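Asks: Quick one: this structure, given as structure tokens, is what I'll be asking you about.
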Amino acid sequence: MKLKAVIGLEIHVQLNTQSKIFSSDPNIFGEDPNTQISPISVGYPGTLPKLNIQALRKAIVMGIACHCDINMNSEFSRKHYFYPDLPKGYQITQHEESICKNGYIDLNINSGIKRIRFEKIHLEEDAGKSMHLENSDQSAIDLNRAGVPLIEMVTRPDLSTAEEAYQLLINVRRLVRYFGISDGDMEKGSLRCDANVSLREENSEDLRDKVEIKNLNSIRFVRNAIELEIKRQHKIYTEGGKIESHTRAYDDMKNITFPTRSKEMAHDYRYLPEPDLPQFILSQEFIEGVKNEMLPLPEILQKELQQNYELTKDDTELLIFDFDLLNYFRKAAVENNSELTMNWIKGPVKQHLNQYDIDIVDFPIDPLKLKGLLLLINNGDINHNIASKKIFPLMLKEREKTAKQIWDELNVEIKSDVSSLKQMVEQAVSMFPDKVEAYSNGKKGVVELFMGQVMKASKGTADPALSRKMIIETLNNKNSKK
């Protein structure tokens, strides 16, 4: 029996608003327990919630980013269940009338582009947090998180592998960071995921009972847990067993999943309309205002970068999800040679950032000054070796100076003198007669061997373009005399 996995995700994203979704309590991570609360966020009788408009705007931004239909008439419901960290005994959420519906994200996978559809993206409040005390059978409750604004992104069962789920979460995290919706930090709980997994026969459309793996707080854990669950269900089915719907948790230390409780159904939550929050009706003017304040969609920006700067897809992905790096690149880009700028950002610049664990905004060389260095290379005044090993290190130290000033002070010159360079080329070619023969037989890659010898002899000061040209001319001349 050939079985195929059917996977859907419920992705929870904490919104980085200044205050909570239904109160003015501060939305700050890491404060002392139970210091960011008020009678409203803990649900005292007689208190009334009020919708945070910034949370609404951020939900709409994510909806637009995921190509959703924005619901002009939306409402909240009460989702009833008992849990110690849910102070009101219910959660205010959206049930039937969600703010965003019918979106998608396209994944670039080995077989091509795969579209993962979203059933909805809805707003809700977060619960508090149970803190299990060490060496004790008791737990403490921290309600700081209660009332923090969330969006829940519910996919359709379009995912087929753990790797696809992994890639979807990476895409979601990139989007929320790109649009400034959330920091997407799973260690802080800003991004969490529940995975619904079931198996069905390969050529069947019938869905079997699913298992939900709850509260996965690492993208890697999501992949691991789904892989384990697929293997577990496959073993049960092939041995003639049956899967019953329930929820499971993942233990990353033991790399196992284990059952927690039977799966609730919608009627178990006793959804009721939220009486203290009337239906809210959006205007097209409001939606257009949100769109006008948004950054361009990543795919649009990516096409623009590819057209204007002739960058590869991988290079554009590096830039579009780091807006500070993108701004730096645009200022440092050498006209008609953006590849040179990108290579330096991925090379010497990135090495410095990694070495000192800093971001591009703290990089000591102004982008226009880096552009000045790259122009010297592009114009053939200096080569990469001189730029990276002599001028670049001094620019990091003497930040007020330009590359041209440092170059003038060093009095560095490329050895472009034809006679001395020709001598080095002749010497390099004479050292490897077998490689000369290989070149004559069509193995053009041996040119790089001779280039290495010339650079070694010149201590890196030889003009690369001129050296390559002279090597090829010398090899061709030797072959023509045979």
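Computed from the coordinates by the stated procedures, all read-outs in this text should not be read as laboratory data. Bear in mind that the values here come from a model prediction, so they are computed numbers and not experimental data. When we count neighbours, we look across all protein chains shown, and the Cβ atoms used for this are built from the backbone with ideal geometry, even at glycine.
Asks: Can you tell me how much longer the chain between SER430 and ASP85 gets when fully stretched, taken as 0.36 nm per residue apart minus their C-alpha distance, in nm with one decimal?
Replies: Answer, rounded to one decimal: 116.2 nm.
Asks: Same structure again: At a 10 Å Cβ-Cβ cut-off, how would you order MET455, MET153, MET253, MET131, fewest neighbours first?
Replies: Lowest to highest Cβ neighbour count: MET253, MET131, MET455, MET153.
Asks: I'd like the trypsin sites (Lys or Arg not before Pro) in segment 268-350 restricted to DSSP loop residues with at most 14 other Cβ atoms within 10 Å, sorted by number.
Replies: When the trypsin sites (Lys or Arg not before Pro) of segment 268-350 are filtered for loop state and at most 14 Cβ neighbours within 10 Å, ARG270 remain.
Asks: Starting from 0.36 nm per residue, how many nanometres of slack lie between LYS129 and GLN306 once their C-alpha separation is accounted for?
Replies: 59.2 nm
Asks: Of LYS4/LYS129; LYS88/LYS254; LYS20/LYS214; LYS129/LYS214, which pairs sit farther than 26 Å apart, going by alpha carbon to alpha carbon?
Replies: Too far apart for the 26 Å limit: LYS4/LYS129; LYS88/LYS254.
Asks: Let me ask you something else. Specify the angular offset, from 0 to 90 degrees and rounded to the nearest 10, of the alpha carbon long axis of helix 464-480 from the longest principal axis of the alpha carbons in the chain.
Replies: Once rounded, the angle reads 60 degrees.
Asks: How far apart, in nm, are the 7 Å Cα→Cβ label points at LEU449 and LYS4?
Replies: So the two model labels end up 5.2 nm from each other.
Asks: Quick one, which of (i) 1.31; (ii) 1.06; (iii) 0.98 is the actual Cα Rg over 2.2 N^0.38 Å calculated for this model?
Replies: Checking each listed value against the structure points to (i).
Asks: Just the isolated ones, please: cysteines in the chain lacking another cysteine beta carbon under 4.7 angstrom.
Replies: CYS66, CYS193
Asks: Counting alpha carbon pairs within less than 8 Å and at least 6 residues apart, what relative contact order, in whole percent, applies to segment 418-480?
Replies: Rounded, it is 43 percent for segment 418-480.
Asks: Now for a separate question. Going by how many other Cβ atoms sit within 10 Å of their own, how do LYS120, LYS443 line up, fewest first?
Replies: Going from least to most buried by this count: LYS443, LYS120.
Asks: Let me ask something additional. So what is the 222 nm mean residue ellipticity for the chain from helices alone, if each DSSP H run of at least 4 adds -39500 (n - 2.57) and you divide by all residues, rounding to the nearest 500 deg cm²/dmol?
Replies: -11500 deg cm²/dmol
Asks: Charges at C-beta only: +1 for Lys and Arg, -1 for Asp and Glu. How large is the resulting dipole of the chain about its Cα centre, in Debye rounded to 20?
Replies: 1740 debye
Asks: Using a 10 Å cut-off around each Cβ, can you sort ILE151, ILE471 from fewest to most neighbouring Cβ atoms?
Replies: Fewest to most other Cβ atoms nearby, the residues stand as ILE471, ILE151.
Asks: Can you list which of the GluC sites (Glu not before Pro) found in segment 198-294 are DSSP loop residues with at most 16 other C-beta atoms within 10 Å?
Replies: Passing sites in segment 198-294 are GLU202, GLU205, GLU239, GLU244, GLU264.
Asks: Taking the alpha-carbon distance from LYS444 and a cut-off under 23 Å, which lysines remain once sequence neighbours fewer than 8 residues away in the same chain are dropped?
Replies: Leaving aside lysines fewer than 8 places away in the same chain, those within reach of LYS444 are LYS422, LYS435, LYS456, LYS469, LYS478, LYS481, LYS482.
Asks: While we're here: Taking the chain as the reference, fit the longest principal axis to its C-alpha atoms, fit the long axis of helix 219-238 to the helix C-alpha atoms, and give the angle between the two in degrees, 0 to 90, nearest 10.
Replies: The two axes meet at around 60 degrees.
Asks: Rounded to the nearest 5, what is the percent of antiparallel bridges among the DSSP beta bridges in the chain?
Replies: 95 percent
Asks: OK, next. Near ARG117, within a Cβ-to-Cβ distance under 11 Å, what is the net charge of the other residues, with Lys and Arg +1 and Asp and Glu -1?
Replies: Counting the neighbours of ARG117, the net charge comes to +2.
Asks: If you filter segment 382-462 for GluC sites (Glu not before Pro), then keep DSSP loop positions with at most 15 other Cβ within 10 Å, what is left?
Replies: GLU398, GLU400, GLU413
Asks: Could you calculate the contour length gain from ILE113 to ASP408, that is, 0.36 nm times the residue separation minus the distance between their Cα atoms, to one decimal place in nm?
Replies: 101.0 nm is the gain from fully extending ILE113 to ASP408.
Asks: Would you please give the FRET efficiency between ASP183 and ASN477, computed as 1/(1 + (r/R0)^6) with r the Cβ-Cβ distance and R0 = 60 Å, to the nearest 0.05?
Replies: That gives a FRET efficiency of 0.45.
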